[in-house]
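Working notes for the structure below.
The values are calculated or read from the model by the stated rules, or taken from the named source; none is laboratory data. This is a predicted model, so every value here is computed, not measured. Here the Cβ positions follow ideal geometry from the backbone for every residue, glycine too, while neighbour counts run over all protein chains shown. Surface areas here come from the heavy atoms of the whole protein model, side chains and all, with no ligands, DNA or RNA. Shrake-Rupley method; radii C 1.70, N 1.55, O 1.52, S 1.80 Å.
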Amino acid sequence: MLRFFNNFFYVTLVVSFLSNAYVFSAEPTKVSPDFFEKEVQPILQAHCFSCHGAEKKVKGGLDMSSREALLKGGDNGAVVSIEKPDSSIMVDAIRHGERKMPPKGKLPSSQIEILEKWIKAGVPYSAGKVVAKHHGPPKVDAEARNFWSYKPVKNPAIPKVKNQAWVKNPIDAFILSKLEQNELTPALPAEKTALLRRLYFNVIGLPPTFEEVESFLRDDSPDAYEKRVDNLLNSRHYGEHWARHWLDLVRYAETNSFERDGIKPNAWKYRDYVIKSFNSDKPYNEFIKEQLAGDELEKITRDSLVATAYFRLGIWDDEPADRDLAYFDQLDDIVSTTGQTFLGTTIGCARCHDHKIDPFPQKDYYRFMAFFHGINSYGNGPASQRVVDGDLQDLKGVINPGRKPDIKKLQELEIKAQEHERLSNDINRQIGRIEDDFRAKLPGGQNDDFKQDIHKPILFEKHLGKLVTVEEYKRWKDLTAKREELKKTRPLIRETSLAVIEQGPKARETFILTRGMPAAKGDKVEPGFPSVMVSENIPELKIPEQDPTARSSGRRKVVADWIASDSNPLTARVMANRLWQFQFGRGIVRSSSNFGYMGTPPTHPELLDYLASQLVANGWKLKPIQRMILTSNAFKMGSQVSPQAAMKDPENDLLSHFDLRRLTAEELRDSILGVSGNLNLKKVDGPSIYPVIPREVLAGQSVPGSGWGKSTPEEAASRSVFVFVKRSLALPILQVFDAPDPDSPCASRFTTTQPAQALALINSEFAGEQAKILAADVAKKSSASPADKVSEILRRTLQRQPKPDEIERGTTFVKDSMNKDSLNEEDAIRRFCLIAFSLNEFIFLN
C-alpha cells in the first residue's frame, strides 16, 4: 500500500508539473511593446508567411499578415482563441500534435515558447500593420528595411538583473536577464581543469600541458584566470588557430579542383597573411579593405596585395565548355562568398531570378557584381600572380617604417634580380627545347597529356631509350631541379604572390543576365549596394574617375569602404556573432552566414547589438571582444543541465549552461601530436606541409600521389593549419573528423559521430605512429612498472592526475594484452596509447 501511495504521489507531482508547464492561465501575459517585432515577426517571416502571407490566395484560407486576419481564422475556423489560448488550434499545430505546422519540421522549443507567449498575450502585432512579405519580386520598402538585421546597430542599455552578484561584465547581464525571465538559473562554474582546457582550445587550439594545469590549480591570485586569458591572446598560436576559422569562411584551398586539380601557386602566403593579421589584432575593417581592395588602397603594401588572393581561392576549370559562363561562375563565387562572409546575406541566390525569400531583386545582384566586373579571369602563371613588393612601400629588410629607402641596397637587389631572371630564362629555354623535341614524337593522346607537368616524367620514362635518350632525360631532370631551386631563391625584390588582377582602369559593362546566362543580356546596370541596406533617398552612387594609367577600376575600394564602414548594419553584427560562435559553439544567430528572413533569429538580439557596438567602439579590434567573452561568467559555466532547463530550453538557446563540444579535426590531430611529444611548433609560416597519406588513399587518384609532395618527418608534424589543402585529396585524419569541403564557404562545421572516426583512432597509420612515439617517450622517461607508464600516458592525454581506478583499469588492459595476446610490454603500452587517444575526455571539451 505504501508503495502504491508513493507511486501515486510521484505521478501526481509529474502531472501537476506538466500542467503548470503547458497550460495557459486565463490572465493575459504582458509583453513589451517591441515583443512582436523583435521576437515573433522573424519566426513568422521565416516559417509561416510563405504560405500564410498577404497574398490573394493563401493556403487553408489563413492569412497571418495582420492581427485582424489571424483572428478571423481560415477555412476550418478560428486558429487562435483569446479567451482560451491553451486550446488554440495554432498551439496544437506548432507543438506538432494532431496538426503539424510548419509541415517540414517542428520549430525549436525556444521559438515555440515565444509563439505560445505571444498567443497568451493576445497575439499583439506592430500597430496592426500588415507584416508579411508578398510572393513574387521581393519588395524593398520601409517594412523590409525594418527587418532586425537591416536596421542600424544601436548600443542597448545593459539590463537590470536580480542576481547582480553573478554579473562579471555586461555579457553576463544580457544572458542572466533572459534566464531570469524564463525562471532559469545559470549552471555552476566549470571545474578549473575543465575550464583551462576549454580556454586553451578555444583560444589557441592546443591542450594545456599537465604542468600548466597544475600551475593554474596552485595559483590562488584573484586574477589567475585573467592572466592566462591575456597570455593566450598574445600567443602566436592564437593567430594559427583563429586563422583556420577564417579560412573556412573564404573557401581556402591551394588547388583548383576539377579533373586536374592544379596547384594555386603561393596560395599559402594568403594563409600566412591571415595568421599574421589575427596575431597583430589588425582592425577588422582594415582586414576587410585589404582583402577586397588591397591593390586600390591609398597605401599599397606587400600584405595588402597578398590579401587580394581572397579573389583567387575559388574553384577553377582550366578547360570549360563555355568560357563566358565559366567567367561569370567565378564572379558568382566572389559575390556569394563576399555576401555570406562579410555581410551574412544570401545575395548569391539572386543570380538567375529575384531572390525567392529575402529582399534582393535580381538587379541588386548584378549591381553588386559590377563592383568586381573589372577582375580578370583566374589563370595559371601571370594571369593570377603579381609582384607584391615592386612598389617598395613595405619591403622587409630594405625600408623601415618612417625612413627613406636604402638606394644602394635596392640597386644591389635589382642586379641580383636581373641575374636571377637571366638564369631562369636560360634554363627555361633549355628545358623547352628538350620538351618540344620529345613532344613532337609523341602520339596524339599522349601529346595532350604531356602538357601537364605531372605527366611529363611518366611519359619520359615510358619512352626512355626509344623517343628520348637516357642522357637527354637526365639532363631534363637536372634542369628542372635547378629551376625549382631557383624558384626557392628568388630575390626579395621579385617576390610574387597569388593576387587579384584587373583589366585596367575601365571595368567591363554589366548587364542583368536572364536566367544567369551570358548570352541573354538584359538591362545595363551600374555598381550599387543592395537596396534594402541603403536609405530610400540616397543619391545614385558615383564611382570616382580613375587615372588612365591605373591598373584597376577603383570600384572594389568603393564597395570595401561601404562594407567596412561603421554605419553598415550587417558587418559588425556578423563578425561579433562569429566571435561568439567560435567561443560558444554556435552563434547568437545560429545561421551565422544568413541574417535574412530564413535565417535563425538571434536568441539574444540586444547582446548581439551590444557586442557589435563594442567592436566598432574598440576600433574594430577583435581581441578586446574576445577578452570580454572569455572573462565572462557565461563562458565559465559548467556543462551540467538542470531539469528545468532541459524541459524549458532543450536546445540551450537561453544559454543556461556551456554546451559540450568535440574537438575540431585540426585540434584533435594537433593534440595527438602534442601529447606524443611530436608536435613541431617551430614552423610559423612558409610553404605548406605534406604529412604522409596511406598508399591505399593515394591509389584513388588517376595518377596516385600526383600533387602531393613529401615533407620531412619533422615538418610533417607541424600544426594542421599548415597542411597543404588539396581539393581532390584530403588528409584522412582531418577528413574523417569533419574538416570542411573547401569548394564553398563553410560558416559552421558539421560534427558527426560515426564508426570511421573510431577506426581512424585505432587503426590508422597516423594514430599508430603517434602511439608508438608516445609509448617510446614514456618508456624513455620512466623505466618503472606498467602502472607508472599508464599513469603518465593518462596524465598527458587528460591533462590531470588520473584516479587510482583509472590507472588500475589501464594496467589491467596492458597486462591482459601481454598475457592473453602474447604482446611484449612495449607493444601493450603502445596499444594502450591508442585507447587513450580514443577517450571521450580527450576528444571532447566538457
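General observations
- Its DSSP H runs of at least 4 residues, each contributing -39,500 (n - 2.57), put the calculated 222 nm mean residue ellipticity of the chain at -14000 deg cm²/dmol, to the nearest 500.
- If only the Cβ of Lys and Arg carry +1 and only the Cβ of Asp and Glu carry -1, the dipole of the chain around its Cα centre is close to 200 debye.
- With R₀ fixed at 41 Å, the C-beta to C-beta distance from residue 411 to residue 472 puts the FRET efficiency at about 0.55.
- Net length gained if the chain between residue 211 and residue 692 were fully extended (0.36 nm per residue, minus Cα distance): 170.0 nm
- Cα gyration tensor shape for the range 309-359, rounded if a/c is under 1.5, else prolate or oblate: oblate
- Exceedance of the 27 Å cut-off in Cα-Cα distance is limited, within the set 477/772; 682/781; 282/524, to 477/772; 282/524.
- Unsatisfied cross-links (Cα-Cα over 25 Å) in the set 59/356; 151/289; 30/57: 30/57
- Those lysines that a straight Cα-Cα span of less than 20 Å connects to residue 803, excepting residues fewer than 8 apart in one chain: 192, 789, 815
- Lys/Arg +1, Asp/Glu -1 at C-beta; the chain dipole; positive extreme among 687, 288, 101: 288
- Surrounding net charge for residue 816, when Lys and Arg each add one and Asp and Glu each subtract one, Cβ distance under 12 Å: +3
- Anisotropy class assigned to the range 556-688 is oblate, per the alpha carbon gyration tensor with a/c at or over the 1.5 cut-off and a/b no larger than b/c.
- Relative to its residue count, the range 138-231 spans a Cα convex hull of 185 Å³ per residue.
- Annotation: residue 185 carries an accessible surface of approximately 100 Å², with a 1.4 Å probe and no ligand, DNA or RNA atoms counted.
- Exceeding the 28 Å Cα-Cα cut-off - candidates 466/487; 168/621; 264/451: 466/487
- Positive-end ranking of 643, 427, 476 along the dipole of the chain, with charges on Cβ about the Cα centre, is headed by 427.
- Amide H partners (placed H, <5 Å) of residue 354, local residues excluded: 362
- With the convex hull of the Cα atoms taken as the outline of the range 762-845, the averaged projected area works out to 5.4 nm².
- Cα gyration tensor, the chain - rounded (a/c under 1.5), prolate or oblate: oblate
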